[in-house]
Amino acid sequence: MTSTPTDPKLSAERFFDEGKPVAYATTKTFDSSGLGAYYKPIEAYEGFHRFDPDFTWTMEEEKKVVRTIDWRICTWVCLMFFALQLDRGNISQALSDNMLGDLKLNTNDYNTGQTIFYVSFLFAEIPSQLISKRLGPDRWIPVQMVSWSLVASFQAFLSGRTSFYITRCLLGLIEGGFIPDNILYLSYFYTSSELPGRLSWFWVSYQSTQIWSAFFAYGILHMRGINGMSGWRWLFALEGTLTGLIGIISYFYLPPSPCQTASVFRGKKGWFTEREEKIMVNRVLRDDPSKGDMHNRQAISFRMFWDGLMDWHMWPIYLIGLSWLIPNQPVSAYLTLQLRSMGFNTFETNLLTIPAYVLFIIQLLVWTWFSEKINDRFLLGVAGQLWTLPLLVALLLIPANTSHWVKYALSVMVVGHPYIHAILVAITSRNAGTVRTRTIASAFYNMCVQASNIVGQNIYRNDDKPMYRRGNKVLIALCVYNIFLFIFAKYFYTSVNKKRAAKWDAMTTEQKEHYLSTTKDKGNKRLDFRFAH
């Protein structure tokens, strides 16, 4: 984004055509009222040839374009995430088929393996993002998918602790970065207000995988004994193969950007007309001009990387990422093992997990929608912790001889908690303010989440089962901590916005124009930038 005015006629007012509102030049991330001419993408930006500050369109046209993007882009991204979770989460079904017993592993061995996975996943996040930014997510994501599908399939040949640890490590290294890669990719097509809703469906596909994989597992685990293989070995082999096929198709299907959809496989004329491409480019840039700072094949330099990492305005979000999921994580990870300990067989166990995931999906969609409706994010995080807190207290205090169905109901409620991950991921992207910070911040936030998974994976220990009293006390303490952390983040960003607004509003139009023409402040450091909270 440069500070060179393109056309002094451009303003922040809505355009009208026969009384119907059409494209508007106001931005959600920058307070550009009356100064829209000072927000222009770099010439290397892949959509620069479609940039037009005077271009207008009807709301009906925009809705049609967004529907097409939803169908062609968002739906496929959700399918790819489905594939990720199929291979990342099917170990839960494998556990229900006596995988640990077959490999002569105990609970602590399983915890160690999962810790290895999350550590590997964590350290692969930023390198994967840097590769993705250089090659393009449309190229790098399919390579990841095919690579991890091979490792996932070869889990069918696990022989013990060592091979289990090795495959966990390889899966983490290859899968790490996949989620922020997709978030960066979606940001090319959607505005800041649209992204949370699409990301909610992104995580719906993740959780719906748990439901579909439960049905898959129900059938595949019945293959135990065929060719002398355990059911869980068939599970890894078949589901890994399916993921590989989706990855191969994705390589030819994904377009690099809204203006680069034409190809032999997608059609020589592409998916969109020239007018539709102009609508896509200008609506995204008017919402967030910083998306025109770089082109989609431009690598992140070391200086850009360091500046993005040291952006202290993003740190409250990272702190939240380190802990907000932990109170729910252990119960989610041990759901199938707890059901087996209650006396349910392999197939009953997999089917009984479905209500928890259905509740999860409902909560995810409702809370994400509600956050945009009331234009609030962090206070909804408080609501999520308040949902979990009394459930953890109940799990701590109930007698050991409590009915299995009571324990099951509490576990379902914990797993199906208000999931605000889509909201936090979107706010990370939105508050970054530049493409280079967005690239680093999305990866670093996800690293923090993976770090929280490592912690969460080791709170329930073998010597604390079956009631995990000690572990639940730790989870309750973290839940209380998270409540205060969300409140702090809310206060932090509102305070920064108020201080900036006071300075910005006190400036004359001439002073604002001078600032925009001469400032060296970038992204979320600019006086006209406003944080979402």
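The values are calculated or read from the model by the stated rules, or taken from the named source; none is laboratory data. What you are looking at is a predicted structure, and each value in this text was computed from that prediction instead of being measured. Glycine gets a Cβ as well: all are built from the backbone with ideal geometry, and neighbour counts include every protein chain shown. To get the accessible areas, we keep the full protein, side chains included, count just its heavy atoms, and leave off ligands, DNA and RNA. Shrake-Rupley method; radii C 1.70, N 1.55, O 1.52, S 1.80 Å.
Kindly evaluate Asn282 against the criterion of being more than 21 Å from the chain's Cα centre (by Cα) and open to solvent by 30 Å² or more (accessible area, probe 1.4 Å). Lay out the reasoning, then the answer.
Details: more than 21 Å from the chain's Cα centre (by Cα): yes; open to solvent by 30 Å² or more (accessible area, probe 1.4 Å): no.
So Asn282 fails the test.
Per the listing Gln450, Gln457, the residue uniquely in contact with an Asp or Glu (Cβ under 8 Å, 6 or more places away or on another chain) and farther than 21 Å from Arg430 by Cβ is Gln450.
Looking at segment 17-33, is at least one residue in a helix (DSSP H, G or I), more than 30 Å from Asn458 (Cβ to Cβ), modelled with pLDDT under 80 and open to solvent by less than 50 Å² (accessible area, probe 1.4 Å)? Break it down stepwise before answering.
The first filter runs over segment 17-33 and keeps only residues in a helix (DSSP H, G or I), leaving none.
Within segment 17-33, not a single residue is in a helix (DSSP H, G or I), more than 30 Å from Asn458 (Cβ to Cβ), modelled with pLDDT under 80 and open to solvent by less than 50 Å² (accessible area, probe 1.4 Å).
Are any of the residues in segment 202-213 out of contact with any helix residue (DSSP H, G or I) (no Cβ under 7 Å at 6 or more places or on another chain) and under 29 Å from Gln93 (Cα atoms)? Checked segment 202-213: at least one residue is out of contact with any helix residue (DSSP H, G or I) (no Cβ under 7 Å at 6 or more places or on another chain) and under 29 Å from Gln93 (Cα atoms).
If you scan segment 371-384, which residues turn out to be surrounded by fewer than 23 Cβ atoms within 10 Å (Cβ to Cβ) and touching a Pro at 6+ places or on another chain (Cβ under 9 Å)?
To start, the set of residues in segment 371-384 that are surrounded by fewer than 23 Cβ atoms within 10 Å (Cβ to Cβ) comprises 372-376, 379-380, 382-383.
Of everything in segment 371-384, those that are surrounded by fewer than 23 Cβ atoms within 10 Å (Cβ to Cβ) and touching a Pro at 6+ places or on another chain (Cβ under 9 Å) turn out to be Glu372, Leu380, Ala383.
Checking each residue in segment 487-533 for being of a type in the set (Lys, Arg) and closer than 23 Å to Ile440 by Cβ picks out Arg500, Lys520, Lys522, Lys525, Arg526, Arg530. Could you look through segment 40-64, keep only residues that are over 30 Å from Lys522 (Cβ atoms) and in contact with a helix residue (DSSP H, G or I) (Cβ under 9 Å, 6 or more places away or on another chain), and pick out the one that is surrounded by the fewest Cβ atoms within 10 Å (Cβ to Cβ)? Within segment 40-64, the match that is surrounded by the fewest Cβ atoms within 10 Å (Cβ to Cβ) is Lys64.
For segment 449-469: of the residues being of a type in the set (A, V, I, L, M, F, W, C) and within 30 Å of Ala432 (Cα to Cα), which is surrounded by the most Cβ atoms within 10 Å (Cβ to Cβ)?
Taking segment 449-469 first, the residues of a type in the set (A, V, I, L, M, F, W, C) are 449, 451, 454-455, 459, 467.
Among the residues that remain, those that are also within 30 Å of Ala432 (Cα to Cα) are: 449, 451, 454-455.
Details: Val449: 26, Ala451: 19, Ile454: 19, Val455: 18.
Here the residue is Val449.
Residues in segment 354-378 that are closer than 15 Å to Val425 by Cα and assigned to a helix (DSSP H, G or I): Leu364, Leu365, Trp367, Thr368, Trp369, Ser371, Glu372, Phe378.
Here Phe236 clears all of (1) of a type in the set (A, V, I, L, M, F, W, C); (2) part of a helix (DSSP H, G or I); (3) free of Cβ contacts under 8 Å to residues at least 60 places away in the same chain except the condition numbered (3). For beta carbons closer than 9 Å, sequence separation of 6+ or different chains, a first residue in segment 205-225 that is on the phi < 0 side of the Ramachandran plot and outside the structural domain of Ile361 (by the TED database) and a second that is surrounded by fewer than 17 Cβ atoms within 10 Å (Cβ to Cβ) and in a loop (DSSP other than H, G, I, E, B), the qualifying pairs are Met223/Met229.
Count, please, the residues in segment 513-533 that happen to be part of a helix (DSSP H, G or I), open to solvent by 40 Å² or more (accessible area, probe 1.4 Å) and of a type outside the set (Ser, Thr, Tyr).
Taking segment 513-533 and keeping what is part of a helix (DSSP H, G or I), we get 513-518, 523-525.
After this cut, where a residue has to be open to solvent by 40 Å² or more (accessible area, probe 1.4 Å) as well, the list is 513-514, 517-518, 525.
Then drop every residue that is not of a type outside the set (Ser, Thr, Tyr), which leaves 513-514, 525.
Total meeting the criteria: 3.
With respect to the conditions (1) open to solvent by 20 Å² or more (accessible area, probe 1.4 Å); (2) modelled with pLDDT of 80 or more; (3) over 24 Å from Glu513 (Cβ atoms), Val77 falls short on a single one, namely (1). Of all residues in segment 319-366, those being open to solvent by 10 Å² or more (accessible area, probe 1.4 Å) and not β-branched (Val, Ile, Thr) number 23. When Asn446, Asn472 are checked against the criterion of being open to solvent by less than 10 Å² (accessible area, probe 1.4 Å) and over 30 Å from Ile300 (Cα atoms), a single residue qualifies: Asn472. Residue check: Gln298 meets all listed conditions (1) modelled with pLDDT under 85; (2) in a helix (DSSP H, G or I); (3) polar (S, T, N, Q) but one, namely (2). May I ask you to list the residues in segment 233-282 that are basic (Lys, Arg) and over 30 Å from Phe164 (Cβ atoms)? If the condition is that a residue be basic (Lys, Arg) and over 30 Å from Phe164 (Cβ atoms), then Arg266, Lys268, Lys269, Arg275, Lys278 are the ones that fit.
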